[in-house]
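Encoded as structure tokens, here's the structure I'll be asking about.
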Amino acid sequence: MAETAIMVRGACKYYGGNHVLNSLDLTVPNCCIYALLGASGSGKTTLLSCMVGNKKLNSGTIQILGTSTREGYSGPRVGYMPQENALYQELTIWETMKYFGWLAGLTTREISTRLDVLVKLLLLPHLGQQISALSGGEQRRISFAVVLLYMPQVLILDEPTVGLDPLLRESVWNYLIDLIKSQSCTIVLTTHYIEETRQAHKVGLMRKGYVIAEASPQALLGGLGVNTLEDVFLKLSKLQDECDEDGRSRFVCQINDNFAGCTVRGCDYSNTSSSSKHKIKALVWKQFVTLLRNFPLLIFTVMSSALSVTLFFIGVGHDPKGISVAIINYETNCTAFTPVQCDSPSLSCNYIELLRTTFSDLNYLPSQAEGEALLRNGNIHAYFVVSNNYSAVLRQQIYNKVTNDSEDSAVDIYPDYLAKDIAVYVKKVAVGAFEDFTDLFLDSCNVSTKLMKIPINWKKPVYGEKQVEHTYMGGPAYLLMVSFCVASIVTSCSILMEKNEGTYDRICAMGVGHGEILVSHIITDLCLIVCQIVSSLLVAFLIFELPLHGSIYLVVSLALVNSFSGMCFGYAIASILQSETAAMHLLSGSMTPAILLSGTMWPREGMHPFLQELAWYLPITQPAYSILSILHRGWGFSKPTVYLGFVNCFVWSIIFLFVCLMCLRHKRG
Ligand SMILES: Nc1ncnc2c1ncn2[C@@H]1O[C@H](COP(=O)(O)OP(=O)(O)OP(=O)(O)O)[C@@H](O)[C@H]1O
């Protein structure tokens, strides 16, 4: 077995113009504690992240136990304790240990046995306590216990003793020294407590992007003739600065050192490893436990689509109510109601009575000027003006079948066209009421009602009802839109939260693959999505009686594959971006055009030809046409409109998953 546990050669890492690692060399022999010292921001964490494979070097090599980290993560042979605690706040201490233990391939019994030792060593709190309820220091100890639990061959610890009291720090150091002796493991750690590294076998001093000296503490103290490691650091820093000022080649202090490490016998604990199946099982278990711990959020997530669909069915597509309309009737004041009579001098009252069935909020005004003022102030939606000899002229026009150019037989309507939908509705009601009124009038005069009919016959529609409400046309498409958006939000947030808590990197460093993490998320998120779809469809069909002429299986399958493509979109976003806020911005920025162009807000036929073409291939558009055809036309899978909806979802899912996997593989910053 190799005598060098970790070998770093010519490591370079930069962020823009900031050269954090500058051709750094470092050698960690087996069976030693290697303490990496350096000022804050000197690049210690960056180096450790590159060692465990969470970050990629721009150039240079890192070998851990003979394996290059460029070939991937080092797996459970290498344990990593990141600087942040990287724990799941919703889990209890015992669940945390079980989860990380399972990922490392331990059985529950082994976890329990080892935990007994760690509880005593690190004075861990009661195992049933939730991580979120622990203090910062307690969480730090749990984070440390996690890596000691599965006892890898190489432990990489980023500030393991920060936040611990001096007594505890001492017992931790004693434990680490015992580990080296009993398990012949190798430990690399960083710390800001310089003096505690006297107990390390080797100390590396890092400054300006590289290691300026690397030797045992005794050799460093003796070689530089000082009493403390603080003084060693100070002296070497000054020498490095002088060297830089003189423009000499870069400063490296060579110190003779006898520490040579040992030949690894092999760690008792380190030969555990977990199969993909077990890792996915552990990941899924953890996700379900965390979901259930956030029960109100879980319920809201599941019900959010159903809630939006409910609001859509209640609030969208219905005829406007409570429209306020004013009447200025110069013919008569309509005090007494009389049925329609052929020779009536107040036919306008009969027409107004028919209007009143729709416009219950109908006010009489004495003059047109008052109507105009009310309309301009936004107090009414329209006003109708009837001339003083309306009935006589209308009768003459209809009954004598003569064309009359007089305006007196017309009711003038003044609408507010800024509220265009309402103005159009007022027009529809006014025309409808007039048709009913002329029917009644002609009947009373024993004249055929056909006399006043427009010579167009609306026959029974091929699909749908004559009076179909927009709700039933827009509702299903809206359901798909909402479930796509909710799915992408849920999935992107679930991954990004894991990334930001540092747990993603931690489990990757343990050898859990991106694919395994993705599969586990797909399993959990799919369960959520199924619940969402079922609740939304139940609301649509059972409460709002959405008509269904086709196969319910096709509707459910389409809703599922559409949400699945939304999930994949969420994964792609989570793999490209780093924060939930950025993901929310991208989601809203990309979903709004997709929704606008989907044809549910406005027919695609009304768009610019280029947009029409583009919109057709976006997510949601084809599925929206597909679900409408299944629901209202009763079409089956053999119809292109139907199967293209499914094809669209599959193609987008594959594209999003591909983007996601590519980004996760190559984006190690
Ligand atoms: N993702 C990143 N993008 C840009 N700069 C980064 C990134 N990560 C780290 N850096 C920069 O790299 C430098 C080294 O950071 P690093 O966290 O490795 O320092 P450190 O020695 O571990 O500090 P500390 O002891 O305070 O933890 C810092 O200047 C930091 O701003």
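Can you name the number of the only condition in (1) within 14 Å of C649 (Cα to Cα); (2) touching a residue at least 60 places away in the same chain (Cβ under 8 Å) that S575 fails?
S575 satisfies every listed condition except (1).
Something else: Any chance you could count how many residues in the range 611-669 are crowded, with 18+ Cβ neighbours inside 10 Å and polar (S, T, N, Q)?
Selection size over the range 611-669: 6.
All but one of (1) under 30 Å from V226 (Cβ atoms); (2) at pLDDT below 90; (3) buried (at least 19 other Cβ atoms within 10 Å of the Cβ) hold for L157; which doesn't?
Among (1) under 30 Å from V226 (Cβ atoms); (2) at pLDDT below 90; (3) buried (at least 19 other Cβ atoms within 10 Å of the Cβ), the lone unmet condition for L157 is (2).
(1) more than 22 Å from L168 (Cβ to Cβ); (2) open to solvent by less than 10 Å² (accessible area, probe 1.4 Å): which one isn't true of T45, the others all being true?
Of (1) more than 22 Å from L168 (Cβ to Cβ); (2) open to solvent by less than 10 Å² (accessible area, probe 1.4 Å), only one is false for T45: (2).
Looking at the range 190-200, which of its residues are open to solvent by 50 Å² or more (accessible area, probe 1.4 Å) and in contact (Cβ under 8 Å) with a residue 60 or more places away in the chain?
H192, Q199 - these are the residues of the range 190-200 that are open to solvent by 50 Å² or more (accessible area, probe 1.4 Å) and in contact (Cβ under 8 Å) with a residue 60 or more places away in the chain.
Given the criteria farther than 30 Å from R506 by Cα, touching a Leu at 6+ places or on another chain (Cβ under 7 Å) and crowded, with 17+ Cβ neighbours inside 10 Å, does L236 qualify?
Yes, satisfied.
Looking at (1) at negative phi; (2) open to solvent by less than 10 Å² (accessible area, probe 1.4 Å); (3) more than 16 Å from the ligand (Cβ to nearest atom); (4) touching a residue at least 60 places away in the same chain (Cβ under 8 Å), which one does S184 not meet, given that it meets all the others?
Exception for S184: condition (1).
Another question about this same structure. Mind checking which pairs have a first residue in the range 216-238 that is part of a loop (DSSP other than H, G, I, E, B) and a second that is open to solvent by 40 Å² or more (accessible area, probe 1.4 Å) and of a type in the set (A, V, I, L, M), Cβ under 6 Å, 6 or more apart or different chains?
Here the result reads none, with nothing in the range 216-238 linked to a residue that is open to solvent by 40 Å² or more (accessible area, probe 1.4 Å) and of a type in the set (A, V, I, L, M).
If the Cβ limit is 8 Å and pairs must be 6+ apart or interchain, which residue in the range 21-38 that is among the aromatic types (F, W, Y) pairs with which residue that is open to solvent by 10 Å² or more (accessible area, probe 1.4 Å) and more than 14 Å from the ligand (Cβ to nearest atom)?
From the range 21-38, the pairs are Y34/H201; Y34/K202.
Would you mention how many residues in the range 133-154 are surrounded by fewer than 22 Cβ atoms within 10 Å (Cβ to Cβ) and touching a Phe, Trp or Tyr at 6+ places or on another chain (Cβ under 9 Å)?
Residues flagged as surrounded by fewer than 22 Cβ atoms within 10 Å (Cβ to Cβ) and touching a Phe, Trp or Tyr at 6+ places or on another chain (Cβ under 9 Å) within the range 133-154 amount to 1.
On the basis of being more than 16 Å from the ligand (Cβ to nearest atom) and not in a helix (DSSP H, G or I), does H126 make the cut?
For H126, the condition - more than 16 Å from the ligand (Cβ to nearest atom) and not in a helix (DSSP H, G or I) - is met.
Ok, one more. Suppose the filter is surrounded by 24 or more Cβ atoms within 10 Å (Cβ to Cβ) and in contact (Cβ under 8 Å) with a residue 12 or more places away in the chain; does T600 pass it?
Criteria not met by T600.
Going by what's in this entry, would L205 be described as of a type in the set (A, V, I, L, M, F, W, C), closer than 21 Å to N227 by Cβ, within 15 Å of the ligand (Cβ to nearest atom) and surrounded by 22 or more Cβ atoms within 10 Å (Cβ to Cβ)?
Yes.
Out of (1) more than 20 Å from G511 (Cβ to Cβ); (2) in contact with a helix residue (DSSP H, G or I) (Cβ under 8 Å, 6 or more places away or on another chain); (3) open to solvent by 10 Å² or more (accessible area, probe 1.4 Å), what's the single condition that is false for A11?
That leaves (3) as the condition not met.
Look through the range 419-469, keep the residues that are of a type in the set (S, T, N, Q) and surrounded by 13 or more Cβ atoms within 10 Å (Cβ to Cβ), and return whichever of them is modelled with the lowest pLDDT.
Only one residue tops the list, namely T449.
May I pose another question? Name the residues in the range 193-215 that are of a type in the set (S, T, Y) and under 24 Å from G10 (Cβ atoms), would you?
Hit for the range 193-215 is Y210, nothing else.
Also, I was wondering about something else. Go through (1) within 29 Å of the chain's Cα centre (by Cα); (2) of a type outside the set (F, W, Y); (3) within 19 Å of Q183 (Cα to Cα) for K98 and report which single condition fails.
Here K98 meets the rest and fails (3).
Additional query: Which one of S143, S182, S171 is modelled with pLDDT of 90 or more and farther than 26 Å from L24 by Cα?
S143
The values are calculated or read from the model by the stated rules, or taken from the named source; none is laboratory data. None of these values were measured; they are calculated from a predicted model. Every residue, glycine among them, receives a Cβ derived from its backbone with ideal geometry; neighbour counts consider all protein chains shown. These area figures cover heavy atoms from the full protein model, side chains too; ligands, DNA and RNA do not enter into them. Shrake-Rupley method; radii C 1.70, N 1.55, O 1.52, S 1.80 Å.
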